[in-house]
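See below for the structure under consideration.
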Amino acid sequence: MKKQLLSAVVLCALSVVGCEEDLDPTPDGGSDAGTDAGTEIKYNTADKVFTYLEGKTMVMQGANIPSHPNGINENLLYDPSTQCYNKVTMQMASRNLTVTSVRAVVEGATGQGTLGDCNRDNIRDTLAPFVSTVVNIENVKEDGTCFDITATFNGFSQSGRGLITQDGTKVQLELYFAATGHRCADGAVGANTVKLNGTAFTGNAIQTYVIQ
């Protein structure tokens, strides 16, 4: 969960997203994480989600980083809202998140608002941690396959849908700074239901975190 945008920058970034080229096709929709047949459904209430994640560290890196974190193309150079990452770490404590992001370099971009190539292995810098002021988890599906999540930070918020895999190894979060059609009532995590600035979103925004 991220991210480190000021509210004014968020509006600019979203306007760019609405007209950017999509270099990566979106999956059909839906997540690779569901309920294990014949086992107890473990994470199907907000309390169960919070309780399980409390005190845990979650790490997203490599292939687990989507092409469009928060709905913004990782190949787009748009500082300070560039979404090119090497690694993101989240820690849950007292039902709030601390997010630390290691940014990577968008190579080949010729200037602000241009597309290049996000080289996730080429570390740019590490941002100071962002600590949420409140995290809401609600509308949890009875089968544990989806919950709505909103995380509020100083100056911005992220909202969307997510799940914990029933084996307890991963958290998948599909988050946006501003969107519609991005809740569990609209479809499963990754479903092709999202619109940004009134335009259908065609990227992949599913952030996958491995629980440590």
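The values are calculated or read from the model by the stated rules, or taken from the named source; none is laboratory data. Since we're looking at a predicted model, the values are computed, not measured. When we count neighbours, we look across all protein chains shown, and the Cβ atoms used for this are built from the backbone with ideal geometry, even at glycine. Remember, those area values only see protein heavy atoms, side chains included, never the ligands or the DNA or RNA. Shrake-Rupley method; radii C 1.70, N 1.55, O 1.52, S 1.80 Å.
Where Lys and Arg each count +1 and Asp and Glu each count -1, what net charge lies around residue 161 among other residues with Cβ under 13 Å from its Cβ?
-2
For a quick check of understanding: with a 1.4 angstrom probe and all protein chains in place, what accessible area in square angstrom does residue 56 have, to the nearest ten?
For residue 56, solvent-accessible area is about 50 Å².
Take every Cα-Cα pair in region 45-118 and report what % of them are more than 17 Å apart.
Looking at region 45-118, the distances longer than 17 Å represent 51 percent of pairs.
Over region 50-136, with every protein chain in place, what whole percent of the accessible area is carbon and sulfur at 1.4 Å, could you tell me?
The value for region 50-136 is 49 percent carbon and sulfur by accessible area.
Please compute the contact order of region 119-212 in relative form: average sequence separation of alpha-carbon pairs under 8 Å and at least six residues apart, divided by the residue count, as a percent.
Over region 119-212, the number comes to 20 percent.
Do any of 48/195; 42/195; 56/141; 56/195 go past 27 Å between their Cα atoms, and which?
Working: 48/195 30 Å; 42/195 31 Å; 56/141 22 Å; 56/195 32 Å.
Checking Cα-Cα distances, 48/195; 42/195; 56/195 exceed 27 Å.
Over the Cα atoms, compute the radius of gyration (one decimal) and Dmax (the largest Cα-Cα distance, rounded to a whole number) for region 53-212, in Å.
Every Cα atom of region 53-212 included, Rg and Dmax give 15.2, 48 Å.
May I ask for the net charge around residue 45, where only other residues with Cβ less than 11 Å from the Cβ of residue 45 are counted and Lys, Arg are +1 while Asp, Glu are -1? The partial results should precede the final answer.
Details: positive: 42, 48, 141; negative: 47, 138, 142.
That works out to 0.
Could you tell me the distance between the Cα centroids of region 151-212 and region 40-73, to the nearest Å?
Cα centroid to Cα centroid, the span is 10 Å.
Among 152, 110, what's the order by accessible area (1.4 angstrom probe), most exposed first?
Of 152, 110, the descending order of accessible area is 110, 152.
Given a 1.4 Å probe and heavy atoms of the protein chains only, how would you sort 94, 157, largest accessible area at the top?
I get 94, 157, largest accessible area first.
Residue separation times 0.36 nm, minus the C-alpha to C-alpha distance between residue 212 and residue 123: what's the value?
Values: separation 89, 0.36 × 89 = 32.04 nm, distance 2.23 nm.
Going from the current span to full extension adds 29.8 nm.
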